[in-house]
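Have a look at the structure that comes next, please.
The values are calculated or read from the model by the stated rules, or taken from the named source; none is laboratory data. Quantities reported herein were computed from a predicted structural model and do not represent experimental measurements. All Cβ positions, glycine included, derive from the backbone under ideal geometry; neighbour counts span all protein chains shown. Areas reflect the complete protein model, heavy atoms only, side chains present, ligands, DNA and RNA absent. Shrake-Rupley method; radii C 1.70, N 1.55, O 1.52, S 1.80 Å.
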Amino acid sequence: MTNDRKDRMEIRNPHLPASEAQMKRIDTLLVRLGNTDTLDSPSPRSIAYKALSDGLTKGQASNWIDKLMELPIPEPDGDLKIVVEHLRKQAAAGKAGEFGLSLLGQFDKYGRLSEKQIACVLKRIKPETNSIAVPLVIA
């Protein structure tokens, strides 16, 4: 993914403190990246949080946004992976409703869904994943 952000906008007053919008954007990008700290190398997320706590200028915040946008987003796993795959299949087939599309949008923006959202989708798709018919026996 190429980043043409610099071509589109110039940061006015780069020496002033970062704006609230810049800080929110950085936080959103950091949440999407998840926490991948190791003993040998801290994650971009923890480095950025350290920089945020020290205070950033508008120019520095802009640079952080550019760097964070270039980093790959981790793939979901577990139940989240099942839910996202299901929602993407539904959307591709044109069968995703407003709720499903809303969840996909949220996942694409933040890289996560709440436990309740995941549980709700799992409950809806459970009959699809357990397609073994059980005969009804009346005694």
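Efficiency by 1/(1 + (r/R0)^6): what FRET value for Arg124 and Met69, r their Cβ-Cβ distance, R0 = 25 Å, to the nearest 0.05? Mind dumping the intermediate values first?
Numbers: r = 33 Å, r/R0 = 1.31.
Efficiency at R0 = 25 Å is approximately 0.15.
May I pose another question? Figure the gain on full extension for Ile82 and Thr28 (residue separation times 0.36 nm, minus the Cα-Cα span) and round it to one decimal in nm.
Gain in length upon complete extension: 17.2 nm.
For Glu70, tell me the accessible area in Å² from a 1.4 Å probe, rounded to the nearest 10.
120
Across the stretch 99-105, in residue order, what do the Karplus-derived ³J(HN,Hα) couplings come to in whole Hz, using 6.51 cos²θ - 1.76 cosθ + 1.60 with θ = phi - 60° and x for Gly and Pro?
So the Karplus estimates, Gly and Pro as x, are 4, x, 5, 5, 5, 4, x Hz.
Next question. With each label point set 7 Å from Cα along the Cα-Cβ vector, what nm distance links Glu98 and Lys116?
1.9
How would His15, His86 line up by accessible area, probe 1.4 Å, largest first?
Heavy-atom accessible area, descending, gives His15, His86.
I'd like the accessible area for Ile26: 1.4 Å probe, protein heavy atoms, all chains in place, Å² to the nearest 10.
Roughly 0 Å² of Ile26 is accessible to a 1.4 Å probe.
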